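Data first, discussion second: the structure below is written as structure tokens.
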Amino acid sequence: MKKILYTIFTFFSMTSIVFAGTVEVQRLSKFKINPKISKVFIHSDLISNENDKIGFKDQIIKYLQQTLQESKRYAEVVVGEPKGYDPNKEVVAVIQGDIISGGEKVTGQFTEWAVCKGGIAGVVGAGVAGVSSEQGITMSHGRNFLCKLPNFITMATEMALELVEGPSPRDEVARIYKYKNYSLYLQTNLTITQLGTERKTLVIRTDSASFSRHYPDAKSYRNVRESSQGQSSILGLMGLTPVVPMPAELSIVEASNPGSNIGKYYDYVVPGVKDIPEEEVAQIRESMSAKVLKNFIRSIAPYKIPLEVGIDETGNPEAVKLMTEKKYDEAKVLIEGLPEKLPADLYNLALCLETSAITNKDFDDVLAYYTQAFDGKPDNLYALGIGRAEQQVRSNKQ
Amino acid sequence: MFTYYTRKYCIVALSLFLLVSCAQEGVKLRFSKPAEIGITGVKRVAVANFEIEEIRRVTHLERNGEWKRHSAEIPNALKTAIAKQIRGKVINLLSSSPSFEIVYSDEVAQLADDEAIRNMVASAGFKAQKIDAFINGKVWINVDNYDGVDLAKLALTYVLENGEGSPAYTADALLYWPYKSIKGTLALEIKMTRAHPTEVLAVAFEKRSFGNKIGGQPPNILEQIKAAADEVKDLVSEKEDDGALEESALVLPNFTQVISDTAESIAAKFSKKIAISEKEVSINIASGGDLTSVQLIQAGAFNSAIHKLNQVAEKNNPSDKYNLGLCYEAIGDYGLASVAYEEALTAENGNLTFAEGVGRIERLKREYRQVRIQLSSKN
């Protein structure tokens, strides 16, 4: 929602603003870690994987090492036992903890209502439903209409087409299908402890991440009851009064009962659903590791956050070009060297600094440049920069 | 049944319309909220073990009205992991509060129960420097997984041909709707005990039920409204994109995940009881004053807005005075905020927005006194 509003705002006020997309700005760690600590050991022997049923440990350690190194807060991040340092002279830190993970693969059967429409709207609607969801498309026996569970997109498509060709005839059906559900769970309990003349635990965090996906088996969809069934007899009775209600026994659809003899055969249909592809599994595991470690890393090291923000293109053109290419360090040097800086240059300089600020003083500078830019030209974008910088300065002082 | 979808999307559209049309120009501010229980003299807190008193997991399978039960064996390693998980969630919450300094001590983490804590305190046997209070707890977990079938009616419509008002009939069908569900309760007792003199400072015992169902009979009208409201909530809420891990509503949550989420919500309640928390309040900005300042307030640049508003103070515009009060309120200077709001209200008596400012600050000053007392125990 925020992105949409920001895009609209930028669109209507883009006389001087170029939308930069996502800029990764830097934020300080949530806990103040002893600045003397420049070396961190990730003690893999003390990271228990007793309950790590799907083997996340190596990935977690690798991601932790890589991200802490990229934060540039610690000169060295070593995987292994803390050794090779003088505890009387140096202060180091060690990370340990445990990893819990698990996964489930569950198969089952659902019953659902579906609608089958005639005309072009029905054919196109079914096509859209097949593409926009993983559901199977069935066919009604009476009039050979395509049946699907409608969603917002299919309804909008069909309504648009029906405006042209008029309302379509419609059947409704009850259908059953098989599915396979996947779920993965990951939890880390991590601590970072300072070692040296004084030993103390600095931060403990417990975080979790989960993933789940529902795979309907498109080939397993079967209509078990259709509104067209018995239409000849019902339509024959439509002109007569009174209409005799159908006995309840006749309306029971045993084919939808997984426990009955008629429905039971369906228990033996093994869902032929694909498993999650290998390359996607790797990506899911990586995302889960990133999510579960996010708060621990943010507690002990500076971190980047994506920000939807604009560059002021009325500033120095070369600097603007470098910034659109995300070369913020080069742009910063260029703007700092300008003999005269316009408000747009000051704003762009503050934005460049915000992408790499790692100390309280850096944020004081960011705030000063945004304020100077706003004093020169009271632009909403500059005000947003001041707001962000002020918030950082306030939270860092607390 | 078709109307389920049209109705659902109508509710979504209506809710969005109401949200947009009722929106006021305002700013969201975060305030400190005092702890429910005033605890003095406690600065350093250590979190001990959470005992698993009971853990039971049963699966139930139903076909044709016949139920089969199966009790699952919970390995000790999993029990230990759950205990650690709950302890970790309590630490996560308390470490982000300014009320206490958490002493991360391995020796305390290994204290199994109340008796172990008492023995340790009595013998003054802990190595960790000065601990004022301990937090520990007990957990009872009951989880049932169901695999069953609902029997419910479905009306199936047959529309004969094209065109408005064409002949149609509806035939009822009694269908079996298979479902899977998870239901359970988690009871958590969390206790804070002062070390010297040994006394219980706060206890929370909370029992939460949880449940989730996939499949089963079609939703009724109340469930449809709830689903539509959730959809609107998801649409308007601003969530940080953190890799956007997929979570399907058609998959039951994992056992460990359910326990973790429920324990966290109980721990959050306990944390509010004993520690200062934060709350977010939406406040109106006064119009008719200095526009530059309004720009800055909307951007959350309160210090810069104060600077601007002080520059235009000689104009004696009541809206500027109110906005100045709002900025002071935002940065926690309630004394100056009160003065500015009072001046605005005096200049324009009967202005509801200004009166709200005065009322809000009076309540905050009362609460802030408690916050200060609670914070002074930390310093």
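The values are calculated or read from the model by the stated rules, or taken from the named source; none is laboratory data. Since the structure is predicted, the reported quantities are computational estimates derived from the model, not experimental observations. Here Cβ is always computed from backbone atoms with ideal geometry, including for glycine, and neighbour counts include all displayed protein chains.
If you filter region A:180-198 down to residues that are within 23 Å of B:S96 (Cα to Cα) and either among the hydrophobic types (A, V, I, L, M, F, W, C) or facing chain B (nearest Cβ under 10 Å) (or both), you find that the one that is surrounded by the fewest Cβ atoms within 10 Å (Cβ to Cβ) is A:T193.
Inclusion of B:Y104 among residues that are over 18 Å from A:T191 (Cα atoms) and within 13 Å of chain A (Cβ to nearest Cβ) is not warranted. The lone criterion from (1) closer than 30 Å to A:E50 by Cα; (2) more than 8 Å from chain B (Cβ to nearest Cβ); (3) aliphatic (A, V, I, L, M); (4) surrounded by fewer than 21 Cβ atoms within 10 Å (Cβ to Cβ) left unmet by A:L202 is number (2). For B:Y179, state whether it is at pLDDT 90 or above and not aliphatic (A, V, I, L, M). Spelling it out, B:Y179 is indeed at pLDDT 90 or above and not aliphatic (A, V, I, L, M). Which condition breaks for A:D267 when tested against (1) at pLDDT 85 or above; (2) over 30 Å from A:I61 (Cα atoms); (3) charged (D, E, K, R)? It fails just one condition, (1). Checked against the criteria, A:Y382 counts as surrounded by 22 or more Cβ atoms within 10 Å (Cβ to Cβ), within 14 Å of chain B (Cβ to nearest Cβ) and aromatic (F, W, Y). Among the residues making up region A:144-164, a single one is outside any helix (DSSP H, G or I), surrounded by fewer than 18 Cβ atoms within 10 Å (Cβ to Cβ) and within 11 Å of chain B (Cβ to nearest Cβ): A:N151.
Scanning region A:165-179 for residues that are more than 8 Å from chain B (Cβ to nearest Cβ) and assigned to a strand (DSSP E or B) gives A:R175, A:I176, A:Y177, A:K178. For B:G41, state whether it is of a type outside the set (D, E), in a loop (DSSP other than H, G, I, E, B) and closer than 30 Å to A:I192 by Cα. Here the answer is yes, as B:G41 does meet what is asked.
Scoring B:F31 on the criteria (1) modelled with pLDDT of 75 or more; (2) part of a strand (DSSP E or B) leaves a single failure, condition (1).
Which residues, counting only those in region B:208-221, are over 30 Å from A:Y177 (Cα atoms) and without any contact (Cβ under 8 Å) to a residue 40 or more places away in the chain? B:S209 - this is the single residue of region B:208-221 that is over 30 Å from A:Y177 (Cα atoms) and without any contact (Cβ under 8 Å) to a residue 40 or more places away in the chain.
Being of a type in the set (S, T, Y) and in contact with a strand residue (DSSP E or B) (Cβ under 8 Å, 6 or more places away or on another chain) is the filter here, so list the residues in region A:54-99 that pass it. A:S71, A:Y74, A:Y85, listed by residue number.
Restricting attention to region A:94-136, the residues that are part of a strand (DSSP E or B), under 27 Å from A:P258 (Cα atoms) and hydroxyl-bearing (S, T, Y) total 2. Just one of (1) buried (at least 19 other Cβ atoms within 10 Å of the Cβ); (2) at pLDDT 85 or above fails for B:I39. It is (2).
Of the residues making up region A:215-229, not a single one is under 30 Å from A:H43 (Cβ atoms) and either in contact (Cβ under 8 Å) with a residue 60 or more places away in the chain or outside any loop (DSSP other than H, G, I, E, B) (or both). For region A:111-129, taking the residues that are among the small types (G, A, S) and without any contact (Cβ under 8 Å) to a residue 60 or more places away in the chain, the one that is farthest from the other protein chains (Cβ to nearest Cβ) is identified as A:G127. Looking only at region B:62-79, residues that are free of Cβ contacts under 8 Å to residues at least 12 places away in the same chain, more than 8 Å from chain A (Cβ to nearest Cβ) and closer than 24 Å to A:I100 by Cβ come to 3 in all. Filtering B:G243, B:G300, B:G215 for residues that are at pLDDT below 80, on the phi > 0 side of the Ramachandran plot and at the interface with chain A (Cβ under 8 Å from one of its Cβ atoms) leaves a single hit, B:G243. For B:Y341, indicate whether it is of a type in the set (S, T, Y) and modelled with pLDDT of 90 or more. Answer is yes for this residue. Candidates B:Y322, B:Y328: the one that is surrounded by 16 or more Cβ atoms within 10 Å (Cβ to Cβ), under 23 Å from B:N349 (Cα atoms) and within 14 Å of chain A (Cβ to nearest Cβ) is B:Y328. Exactly one residue out of A:E70, A:E76, A:E81 is touching a residue at least 40 places away in the same chain (Cβ under 8 Å), within 30 Å of A:F31 (Cα to Cα), away from chain B (no Cβ under 11 Å) and surrounded by fewer than 22 Cβ atoms within 10 Å (Cβ to Cβ), and it is A:E81. Being surrounded by fewer than 15 Cβ atoms within 10 Å (Cβ to Cβ), part of a strand (DSSP E or B) and either more than 10 Å from chain A (Cβ to nearest Cβ) or at pLDDT below 90 (or both): is that true of B:E115 here? Against the criterion (surrounded by fewer than 15 Cβ atoms within 10 Å (Cβ to Cβ), part of a strand (DSSP E or B) and either more than 10 Å from chain A (Cβ to nearest Cβ) or at pLDDT below 90 (or both)), B:E115 does not qualify.
Scanning region B:286-297 for residues that are among the small types (G, A, S) and at pLDDT 90 or above, we see that the one that is nearest to B:E343 (Cα to Cα) is B:A286. For region B:148-193, a residue qualifies if it is within 7 Å of chain A (Cβ to nearest Cβ), aromatic (F, W, Y) and touching a residue at least 24 places away in the same chain (Cβ under 8 Å), and the qualifying residues are B:Y176, B:W177. Looking at region A:360-369, is at least one residue within 11 Å of chain B (Cβ to nearest Cβ), out of contact with any Gly (no Cβ under 6 Å at 6 or more places or on another chain), buried (at least 18 other Cβ atoms within 10 Å of the Cβ) and at pLDDT 90 or above? The answer is yes; a qualifying residue exists.
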